[in-house]
Amino acid sequence: MGGNNDQFWRHKLLHDLTDAQWESLCDGCGQCCLIKFQDEDTDELLHTRLSCKLLDIGACRCTDYDNRHTRVPDCVVIAPDTVGTLDWLPHSCAYRLIAEGRDLHWWHPLVSGDRDSVHQAGVSVRDWAASEEGVPEGKQIRFIVKDSAIKRILTGRPAKIPPNEA
Ligand code: SF4
Ligand code: SF4
């Protein structure tokens, strides 16, 4: 294993993590920063390819993380007390995985030791997201994801497999 030797996520509860450990759990996929809609008839969650205006899509990082909740009031607070209620979080999200008592995936930077592995595994939004900037709200619905490969990513079933299992 090339990543974090302590593997704190395996033996600590989310509530017991240090701030640094909590932050390091985010894999940098950017999926939670996509604009979403909910189908009024079916309640189905519909992802768009559009990302929040503050997301640096290339890096899949928030460009104003410290002020994100002021700049983007819709930016959801993910915390130990709330993570279990956020059923829209991607199944691949590390916070969700740990809250559900599961382990991190091979591509998580803490496991791989490489921040790029989340991109190499095809889990991040880097290759297909576009900024919401400049897209009128009424037209965002046109960007709802229809591509089946991207849908697989958003439902936690990315197409790519670990290099050592290829
Ligand atoms: S979905 Fe989870 S792991 Fe991915 S960027 Fe959001 S908080 Fe981080
Ligand atoms: S404010 Fe930052 S963390 Fe929140 S949704 Fe936008 S890019 Fe993501």
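None of the figures in this text is laboratory data; all of them are computed from the coordinates on show. Small disclaimer: the values here were computed from a predicted structure and weren't measured. Note that each Cβ is placed from the backbone with ideal geometry, even for glycine, and that neighbours are counted across all protein chains shown.
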Which residue, Asp114, Asp81, Asp147, has the most motion in a Gaussian network model of the chain that connects Cα atoms within less than 10 Å? Asp147
Treating the beta-carbon of each Lys and Arg as +1 and of each Asp and Glu as -1, no other charges, what is the dipole magnitude of the range 8-154 about its Cα centre, to the nearest 20 debye? 380 debye
Report P(r) for the chain: all Cα-Cα distances, bin width 10 Å, range 0 to the bin holding the largest distance, values in whole percent. 9, 38, 38, 13, 2
Expected unfolding gain across Tyr65-Glu40 under the 0.36 nm per residue rule, minus the alpha-carbon gap, is 5.9 nm
Lys151 and Lys12 label points (each 7 Å along its Cα→Cβ direction) are spaced in nm at 3.9 nm
Tell me the mean residue ellipticity at 222 nm calculated for the chain from its helices only (DSSP H runs of n ≥ 4, each -39500 (n - 2.57), averaged over every residue, nearest 500). -4000 deg cm²/dmol
